[in-house]
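Q: Structure below; questions to follow.
We did not get these values from a lab; they are worked out from the coordinates using the rules stated. In this text, all values refer to a predicted model and were calculated from it rather than measured experimentally. Heads up, the Cβs are rebuilt from the backbone with ideal geometry, glycines too, and the neighbour counts pull from every protein chain shown.
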Amino acid sequence: MVNQLYFLISVYLVGAFFSILLFKNLKPGVRYFVTPLLGVSFLSFSVGCLIVFHVPIQLVSVFVVLLILWILLYYHSYYRAVGEEKSILSDFKGYWPSKEFISSLFLFSIIATFFVFWGKSSPGSDSTQFEGIGRFLANGGTLKDQPPYLAFLLNGRLLVVGAMHCLNRLYGGYSLYALNPTILIWSLGFFTLLFRDLMGDLPRERKFILIGLFFLAMFLCKNFFTQIFLIHSNAFAMIYFSLAIICLYSFSKSGNKSWLTLGSFLMGTATLIRIDMLIFSLLYFVLFANIVNSDQSALKKSWATFFLISFPWRLFTLYYTPFDVFYVNASHIILLLIANIGLAVFSFVAQKKTFHLFRNLPLLFTVGILALISLTPLFRPENLKLAWEVFIKYRLLGQDWFFLFTASLLMLFTTFKVKEKDSNITIFAYSTWLYILLLILMVSMYNYAEKDHSAGRILNHIVPLVVFWVFLSCSHVIGESKREFQKI
């Protein structure tokens, strides 16, 4: 048990060392909350680098890669920064070991300790695959050993959760039962912090009540609560994707470009957690166009951050992925990569040449998805029925999703009213419904009719966005919208 606690604390500490270099313009509270997520990301990057170069994974080799990544980021952030006068030592003094940092690390350790010793996570059938690839790597296995179902493991089970299993094993832990609960409860605090800073202006008593209700609604929502105790990738995909969208909204309210960099970083990591996130990254950058306006440098930096994180691993896995393999084949990966590159090129050209078109990308994207769905019966008439059966009838209208789906419908019809107080609230409406439409399109195009269709699990990724959207709208209805808010 204690070994897994050491592993979880190391996740936080790794994130802390990298947060000194990254997102320096965000206030300390935000940086402390995002620290474990950075730790998970960079530890996964390190494992990925070792896999690419066929190096057996050991703790020493992982931390050597982390050191190299840190030095490269330091070189980029400080040595080559134009007009940068501060030294890295000044950031160390201001960040660590400050009282705020120690308090944050202590709180994270308390949460981690509770779940390490309580240990109530439920391993499902998929969990054994994550755990199996983690043990394979921890025992010195490399791709040269040609494990069975290699393409499936590389694209569906390795990064990020498989890498976490591997590292946990290297620390002496057996089953990775405490990571998901710790990260999700910590992220719930992060969501609550962001909601507090972004909600409308209310009397103090009402504000505390609404914040408390938000925390309880998110925690008790079955679609969120269940993910806390499952050893799977969906919980991480949910956290990283939802926070990326909220980062866009935070930028729209503050104008702080660090939110855009953080959002692109989280979205890039999300594509490593689940390959289908390469579809929903299109959604992220379509919404990105609606808020970044004519700032070309912000657009370039955000796309560069996303590509730097997401593409190298996918290009590497493409080499090992045939065109006729189960789950995801080479044609799927190529199509997804081309789609993201195409959107990036289109965004740059439209922003420079046709700004009106660039600003209306969310509307154009919505119309395009609806057109593709409506054309589906011409090519695959049986698949549209399949989409209705496995996604809408048994998911959106089923018991698990009925409340959230109803809330999404109600909020959709009230968005135009709330928009009068907060013009940027449409980010949540677009992200929720474009996500649903993209899933309908995926189900109708991908001929897979099993009852355990992954669309139901993928749908859980927008649960925090729906809850955030509902309570944020309520705060604006009963209070005054914050046109601008403090730098966070």
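Q: Going by average Cβ neighbours within 10 Å, how do the peptides 51-64, 231-244 rank, with the highest at the top?
A: Highest mean packing first, the order is 231-244, 51-64.
Q: Can you bin segment 161-272 into rounded, prolate or oblate? Criterion: square roots of the alpha carbon gyration tensor eigenvalues sorted a ≥ b ≥ c, rounded for a/c under 1.5, prolate for a/b above b/c, oblate for the rest.
A: Oblate, since a/c reaches 1.5 and b/c is not below a/b.
Q: If you take all C-alpha pairs in the chain, what percent of them are over 30 Å apart?
A: So the portion of pairs separated by more than 30 Å is 46 percent.
Q: I would also like to ask the following. Counting only GluC sites (Glu not before Pro) that sit in a DSSP loop (anything but H, G, I, E, B) with at most 14 other Cβ atoms within 10 Å, what is the longest stretch of the chain containing none of them?
A: Of all site-free stretches, the longest is 86-419.
Q: Beyond a 24 Å Cα-Cα separation, which of these cross-linked pairs lie in this structure: Lys207/Lys419; Lys144/Lys301; Lys99/Lys253; Lys222/Lys385; Lys27/Lys353; Lys24/Lys207?
A: Violating the 24 Å Cα-Cα cut-off are Lys144/Lys301; Lys99/Lys253; Lys222/Lys385; Lys27/Lys353; Lys24/Lys207.
Q: Check Leu230: other-chain or 5+ apart residues with amide H under 5 Å from its amide H, H built from backbone geometry?
A: The list, which skips near neighbours in sequence, is Ser122.
Q: Could you rank the peptides 24-32, 317-325, 356-364 by their average count of other C-beta atoms within 10 Å per residue, with the highest value first?
A: 24-32, 356-364, 317-325
Q: Take each uninterrupted DSSP H stretch in the chain, measure its Cα extent along the helix axis, and return the ones at 30 Å or beyond whose mean Kyte-Doolittle hydropathy is at least 0.5.
A: 28-52, 330-353
Q: Now, a different point. What is the distance in Å between the Cα centres of segment 128-173 and segment 331-353?
A: 32 Å
Q: What is the dipole size for segment 2-478, taken about its Cα centre, with +1 at each Lys and Arg Cβ and -1 at each Asp and Glu Cβ, in debye to the nearest 20?
A: So the dipole magnitude of segment 2-478 works out to roughly 720 debye.
Q: Taking only C-alpha pairs under 8 Å that are 6+ residues apart, what is the relative contact order of the chain in percent?
A: Value for the chain: 19 percent.
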